[in-house]
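Participant: Provided herewith is a single structure, encoded as structure tokens, for subsequent inquiry.
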Amino acid sequence: MLQWKICGMRDATNISAVASLSPHFMGFIFYENSKRFVGQNWQMPYLSRQIQKVGVFVNETSENIASIAQKYALDYLQLHGEESPEFCERLKQKLHLPIVKAFGVGQGFEFSNLEPYLPCVDAFLLDTQGKERGGNGIAFDWQILQSYPYSKPLWISGGISLENSLVLFEFLQQKPQIPVQVIDLNSRFEIEPALKDVEKLKTWKTAIFEPFCQTINET
């Protein structure tokens with residue numbers, strides 16, 4: 001079943017409003033250099049257990065990740081830095097949480113770069129390579145997914161919007177062999193960094209995402 005995630009959340013009122021749309025995942029960024037960093041001593045509002053909490057980290061120590069994961073009862077860890085396969089394996093053994101390893105699609109990207117991580121992560125997130133670690137608002141060429149050689153689930157991010165989602169979903173419908181598990185939304189649904197446009201998200205879910213999922217279920 002295809003699922004969706006909204007990432008880069010911070011404001012309690014906005015989080016509650018977005019949660020009313022029942023995303024499968026909600027992402028919180030624990031990287032100080034990000035415009036969407038939750039901040040020091042941030043308080044997470046109540047979230048239904050139906051929404052999986054994803055902590056996003058960049059080259060963080062395993063000790064700090066463990067402390068944050070415990071404090072906020074995280075369900076998933078998303079690693080956006082240069083974390084090695086060995087680091088991912090140690091983290092997984094230590095915390096027993098699913099790990100999503102992110103890779104930037106751009107110059108020098110090859111799917112073979114992912115192979116060493118196959119035994120130690122639960123999914124790969126593909127984002128557009130850019131000056132920021134994520135949330136650049138630019139889509140990569142989805143045609144590259146046709147060459148994905150693994151069965152490991154994919155999370156697709158990078159500039160996904162109301163305007164281009166139909167193109168993405170039509171492509172995925174034609175290529176059911178691509179193991180896309182999660183559509184990750186962020187900057188193209190923002191009023192400002194870390195503040196999401198709830199009405200735009202609602203339109204995306206009801207007019208694009210849900211009809212696509214229904215079509216897939218019927219075929």
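Participant: What is the one condition in (1) without any contact (Cβ under 8 Å) to a residue 24 or more places away in the chain; (2) touching a helix residue (DSSP H, G or I) at 6+ places or on another chain (Cβ under 6 Å); (3) open to solvent by 50 Å² or more (accessible area, probe 1.4 Å); (4) not aliphatic (A, V, I, L, M) that PRO116 does not satisfy?
Facilitator: (1)
Participant: Next up: Within the range 178-219, take every residue that is of a type in the set (Gly, Ala, Ser) and assigned to a helix (DSSP H, G or I) and give me the one that is surrounded by the most Cβ atoms within 10 Å (Cβ to Cβ).
Facilitator: From the range 178-219, those of a type in the set (Gly, Ala, Ser) are 187, 194, 207; that's our starting set.
The next check asks that each one be assigned to a helix (DSSP H, G or I); those that pass are 187, 207.
On the way: SER187: 23, ALA207: 13.
Looking at the filtered set, the residue picked out is SER187.
Participant: Tell me, yes or no, whether the range 82-105 has at least one residue that is open to solvent by 40 Å² or more (accessible area, probe 1.4 Å), within 30 Å of PRO211 (Cβ to Cβ) and touching a strand residue (DSSP E or B) at 6+ places or on another chain (Cβ under 6 Å).
Facilitator: Checked the range 82-105: no residue is open to solvent by 40 Å² or more (accessible area, probe 1.4 Å), within 30 Å of PRO211 (Cβ to Cβ) and touching a strand residue (DSSP E or B) at 6+ places or on another chain (Cβ under 6 Å).
Participant: Here's another thing I want to ask about it. Is it the case that the range 165-177 has a residue that's part of a strand (DSSP E or B) and within 16 Å of the chain's Cα centre (by Cα)?
Facilitator: Taking every residue of the range 165-177 in turn, none turns out to be part of a strand (DSSP E or B) and within 16 Å of the chain's Cα centre (by Cα).
Participant: Taking the range 1-46 only, how many residues are touching a helix residue (DSSP H, G or I) at 6+ places or on another chain (Cβ under 8 Å) and part of a helix (DSSP H, G or I)?
Facilitator: 3
Participant: While we're here: Among what's in the range 45-64 and is of a type in the set (Val, Ile, Thr) and either open to solvent by less than 40 Å² (accessible area, probe 1.4 Å) or in contact with a Lys or Arg (Cβ under 9 Å, 6 or more places away or on another chain) (or both), pick the residue that is farthest from ASP184 (Cα to Cα).
Facilitator: Top of the filtered list is VAL58.
Participant: Does GLU86 meet the test of being more than 19 Å from the chain's Cα centre (by Cα), farther than 25 Å from GLY39 by Cα and not small (Gly, Ala, Ser)?
Facilitator: For GLU86, the condition - more than 19 Å from the chain's Cα centre (by Cα), farther than 25 Å from GLY39 by Cα and not small (Gly, Ala, Ser) - is met.
Participant: Does the range 57-90 hold any residues that are in a helix (DSSP H, G or I) and farther than 23 Å from LEU154 by Cα, and which are they? Show your work before the answer.
Facilitator: Pass one, the range 57-90, residues in a helix (DSSP H, G or I): 62-71, 85-90.
Across the range 57-90, the qualifying residues are SER62, GLU63, ASN64, ALA66, SER67, ILE68, GLN70, LYS71.
The values are calculated or read from the model by the stated rules, or taken from the named source; none is laboratory data. Nothing here was measured: the structure is a model prediction, and the numbers come from that model. Backbone-built Cβ (ideal geometry, glycine too); neighbour counts: all protein chains shown. Accessible surface areas use protein heavy atoms only, side chains included; no ligands, DNA or RNA. Shrake-Rupley method; radii C 1.70, N 1.55, O 1.52, S 1.80 Å.
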